[in-house]
Amino acid sequence: MAFDLTDEEFALIAGLPIEGVVDLAAELDILAPEQIDRRSLVNTCVLALVEHARKHGLPLSKYDADDLAALDPVDLQALATLVGVQPSVAALLKHGDKVYRGYSHRRIDHPIPLMLPMLLSAVARAARAG
């Protein structure tokens, strides 16, 4: 499936150090090429996050509530379906908190929960599309 970040979505991560994007890619078992096209690598990471969420859930915290509430209802439904919960912010947060605790026990600076808030709308759109 092809996926492209919107300019708004890309702007959220454009200023991050490339090492953060490469670290996220590595956690998602994506090999970063020698010459990195940031946008292309993040597009690939978003699709991998959808697959990762399908298997492991999404690490969400109470701080993600506003971002979830701001999603288009269809995108919120897609995220909920992806992780197998009712389509509500509360249900996603409850499920996501359990997933988040697993990440925080393994590594405090894990790139998936750190970068997911910036990529949440993109992950939701990608979940809806495929």
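The numbers here are math on the coordinates, done by the rules we state, and not lab data. This structure is a prediction, so every number in the text was calculated from the model and none was measured. Every residue, glycine as well, gets a Cβ built from its backbone with ideal geometry; the counts of neighbours run over all protein chains shown.
Proximity of backbone amide H atoms, modeled 1.01 Å from N, is registered between Phe3 and no other residue at under 5 Å, excluding neighbours fewer than 5 places apart on the same chain. Per-peptide packing, taken as the mean over residues of other Cβ atoms within 10 Å, places 14-27, 87-100, 41-54 in the sequence 41-54, 87-100, 14-27 from highest down.
A simple charge model with +1 on the Cβ of Lys and Arg, -1 on the Cβ of Asp and Glu and nothing else charged puts the dipole of the chain at about 620 debye relative to its Cα centre. Counting only whole DSSP H helices of the chain, the ones at least 18 Å long by C-alpha along their axis and with mean Kyte-Doolittle hydropathy no lower than -0.5 are 38-56, 111-129. Annotation for Asp67 and Asp37: the two label points, set 7 Å from Cα along the Cα-Cβ direction, are 2.5 nm apart. Which of Leu60, Leu116, Thr44 sits farthest toward the positive end of the charge dipole of the chain, with +1 on the Cβ of Lys and Arg and -1 on the Cβ of Asp and Glu? Sorting the options by dipole projection puts first Leu60.
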